[in-house]
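Notes follow once the structure below has been shown.
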Amino acid sequence: MKPEISVVWLKRDLRWRDHAAFDAALKHPYPIVALYCFEPELMSAPMHSDRHWTFVQESLNDLERFLEQWNVPLLSGIGEVEEGFDLLREAYTIKTVFSHEEIGIGLTFERDKRMLTYFKEKGITWKEFQHNAVIRGLKNRYRWNELWHEYMHSALIHPDFNQVSKAQQGITKPERWFKETAFSSPRKKSRQAGGVRKAWKYLESFFELRGKGYSGGISKPERSRSTCSRLSPYLAWGNLSLREVYHEALKHKAKPGWQRSMQNFISRLHWHCHFIQKFEMECSVESSLFNRGYEQLPFNENQVAFERWKNGTTGIPLVDACMRCLTETGYLNFRMRAMLISFHSHHLFLRWKQGADHLASLFLDFEPGIHFPQIQMQAGLVGVHTLRIYNPTKQAQDHDPQAEFIQKWVPELRGLPADIAIEPWKLSPMERMMFDYPQLEHYPEPIVNLDHSAKKARDLIWNFRQDPTVIRENARILVTHTLPGSRNR
Ligand SMILES: Cc1cc2nc3c(=O)[nH]c(=O)nc-3n(C[C@H](O)[C@H](O)[C@H](O)COP(=O)(O)OP(=O)(O)OC[C@H]3O[C@@H](n4cnc5c(N)ncnc54)[C@H](O)[C@@H]3O)c2cc1C
């Protein structure tokens, strides 16, 4: 007879602490097998790239080392989820599947619907648990703030692995399993490594030291890399739960000299779920706009401009530095992310979706529920916020005045005085000769005149604000997504 088991189906919850699914599985009488599938369909989605799966693999390696102590096998491999469960069913009788709800893209939503039918047909019970403070099936935001606070202040659910069933000792891995047992693509040293233990190192150094400078550094492309928490990939792939981070933040909230930084940090944790909740309530924004009215804007179809943006060769130094840095490291602070998409969608006036997918594939912390709503908001295509068109030169003057970040990532501009590195087009041909910086010859002329492109975009988007569909959609968005007593950020 096949052994009876519970399965913990892992998705974006790759940890063992504050984990409701492991906790519930441990309270059942059956031994546990943990499963993660590297789904080929998902892996080939345009918003994903190898860097995501490398991070996931590292997280699984860490989790596997932890689970080994309790003889809980973690099975992973490249294959669709149905195949994974089919293989498990050859070796075991699955009684119950435990997982967290996934606030993912259309592909994962469809897969979950298929799995619901699959489990029903096979007589398997499927128990799902809430993902952070995001509430399934909510129709409006009237009570959401209250529910967020309730959840964040509730006790952490640390599974007690001492409770593993005695039969766990007898559980062996199935004989037949996915051909490739692991996804392995070497990680660049410049990117954060996945795993619970790594996540806690970042968390501890933030609350012990780095976090004091959080508010001062948040807008600076270079300084933010050490003064921001850098917890986003660990939250996105679930090496940490948001509640764990929140509980830690509360412990440090009142430290002398830290109050402002901690207040600002805690408000970001609130935004985290606020955005994901929007997406949960309107997940179609992965591929269409919140405000359908703006779909008719006459966007450019300029592939050359898109490629220059992607490759960091627009000739606008801060834009190129950000894109090259992101391509290499997988991280940018909030302001520079907003500036990159504003440049794409305003100055180049390109359609938002292509830019959104490209950035998602580069962000190590790609979180659909934050990403797509933020992109649309920063591109000025929601309609209910103030339109903000970033001027990359002004951003550089304000936040990288010594051109430290620019020159780090754009070697063609190294050695130039900071003001020239920020606006190289201001050099006359005569000055270019006098300066004698031959490497500058390799840096392109600016792709646009920033004043002209900003004005054109502003006029087009403002005129559309009068469009009847835009007005109608605005009213709907305000009712559905706005928190009582506040405007969305
Ligand atoms: C166009 C655009 C796309 C973005 N896409 C993503 C994404 O895919 N994944 C992602 O995690 N964040 C995204 N953000 C939000 C934000 O830029 C990052 O969360 C933040 O820069 C991550 O760095 P950190 O962990 O050091 O953040 P910290 O400033 O230390 O903040 C702590 C945590 O709070 C949350 N947070 C911070 N800022 C925001 C915000 N503005 N909105 C919602 N949550 C926030 C994140 O989970 C973050 O890890 C995006 C922002 C923009 C403008």
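The values are calculated or read from the model by the stated rules, or taken from the named source; none is laboratory data. Computed from a prediction, not measured in an experiment: that's the story for all the values here. Note: ideal-geometry Cβ built from the backbone for every residue, glycine included; neighbour counts use all protein chains shown.
Structure data summary
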quantity	calculated
Selected residue (criterion: nearest to ALA305 (Cα to Cα)) from residues of the range 433-448 that are assigned to a helix (DSSP H, G or I) and within 37 Å of the chain's Cα centre (by Cα)	HIS442
Matching residues, the range 193-206, being within 12 Å of the ligand (Cβ to nearest atom) and of a type in the set (Phe, Trp, Tyr)	TYR202, PHE206
Unmet criterion (only one of (1) at pLDDT 95 or above; (2) away from the ligand (no atom under 12 Å from the Cβ); (3) of a type in the set (Ser, Thr, Tyr); (4) closer than 23 Å to MET377 by Cβ) for THR313	(4)
Pairs with Cβ under 8 Å, 6+ apart, first in the range 36-53 and in contact (Cβ under 8 Å) with a residue 24 or more places away in the chain, second surrounded by 15 or more Cβ atoms within 10 Å (Cβ to Cβ) and acidic (Asp, Glu)	CYS37/GLU80; CYS37/GLU83; GLU39/GLU80; PRO40/GLU80; GLU41/GLU80; PRO46/ASP357; MET47/ASP357
Residue that is farthest from SER232 (Cα to Cα) [pool: residues in the range 19-29 that are of a type outside the set (A, V, I, L, M) and surrounded by 22 or more Cβ atoms within 10 Å (Cβ to Cβ)]	PHE22
Criterion: closer than 27 Å to ASN291 by Cβ, touching a Phe, Trp or Tyr at 6+ places or on another chain (Cβ under 6 Å) and touching a residue at least 12 places away in the same chain (Cβ under 8 Å) - qualifying residue of ILE471, ILE477	ILE477
Selection status of VAL470, more than 27 Å from the chain's Cα centre (by Cα) and either β-branched (Val, Ile, Thr) or assigned by TED's automatic domain parsing to the domain that holds PRO221 (or both)	yes
Helices (runs of 4 or more DSSP H) fully within the range 323-430 counting 3 or more residues that are within 14 Å of the ligand (Cβ to nearest atom), of a type in the set (S, T, N, Q) and within 21 Å of GLY293 (Cα to Cα)	368-378
Filter result (touching a residue at least 60 places away in the same chain (Cβ under 8 Å) and under 15 Å from GLU204 (Cβ atoms)) within the range 244-274	GLU244, HIS247
Yes/no for TYR234 being within 16 Å of the ligand (Cβ to nearest atom), closer than 20 Å to LEU74 by Cβ and modelled with pLDDT of 95 or more	yes
Whichever residue in the range 287-307 is part of a helix (DSSP H, G or I) and modelled with pLDDT of 95 or more and, among such residues, is nearest to LYS353 (Cα to Cα)	PHE306
Checking GLU286 against (1) in contact (Cβ under 8 Å) with a residue 12 or more places away in the chain; (2) surrounded by fewer than 17 Cβ atoms within 10 Å (Cβ to Cβ); (3) charged (D, E, K, R); (4) closer than 30 Å to LYS139 by Cβ, the condition it does not meet	(2)
Filter pass, ARG176 being touching a helix residue (DSSP H, G or I) at 6+ places or on another chain (Cβ under 9 Å) and within 30 Å of TYR30 (Cα to Cα)	yes
Residue check for GLY84: outside the structural domain of PRO368 (by TED's automatic domain parsing), in contact (Cβ under 8 Å) with a residue 24 or more places away in the chain, surrounded by fewer than 21 Cβ atoms within 10 Å (Cβ to Cβ) and among the small types (Gly, Ala, Ser)	no
Output for the range 207-231, where each listed residue is near the ligand (Cβ under 8 Å from one of its atoms), closer than 20 Å to LEU318 by Cα and either without any contact (Cβ under 8 Å) to a residue 60 or more places away in the chain or among the hydroxyl-bearing types (Ser, Thr, Tyr) (or both)	SER224
Selection status of LYS310, charged (D, E, K, R), closer than 25 Å to GLN466 by Cβ and either part of a helix (DSSP H, G or I) or in contact with a helix residue (DSSP H, G or I) (Cβ under 8 Å, 6 or more places away or on another chain) (or both)	no
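Table: residues versus (1) more than 27 Å from GLY195 (Cα to Cα); (2) surrounded by fewer than 23 Cβ atoms within 10 Å (Cβ to Cβ).
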{"site": "ASN333", "(1), (2)": "no, yes"}
{"site": "ALA338", "(1), (2)": "yes, yes"}
{"site": "ARG351", "(1), (2)": "yes, yes"}
{"site": "GLN354", "(1), (2)": "yes, yes"}
{"site": "HIS371", "(1), (2)": "no, no"}
{"site": "GLN374", "(1), (2)": "no, yes"}
{"site": "THR386", "(1), (2)": "yes, yes"}
{"site": "ASN391", "(1), (2)": "yes, yes"}
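Condition check ((1) surrounded by fewer than 20 Cβ atoms within 10 Å (Cβ to Cβ); (2) of a type in the set (A, V, I, L, M); (3) within 14 Å of the ligand (Cβ to nearest atom); (4) free of Cβ contacts under 8 Å to residues at least 40 places away in the same chain) across all residues:
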position	(1), (2), (3), (4)
LYS166	yes, no, no, yes
GLU175	yes, no, no, no
SER190	yes, no, no, no
LEU242	no, yes, yes, no
ILE276	no, yes, yes, no
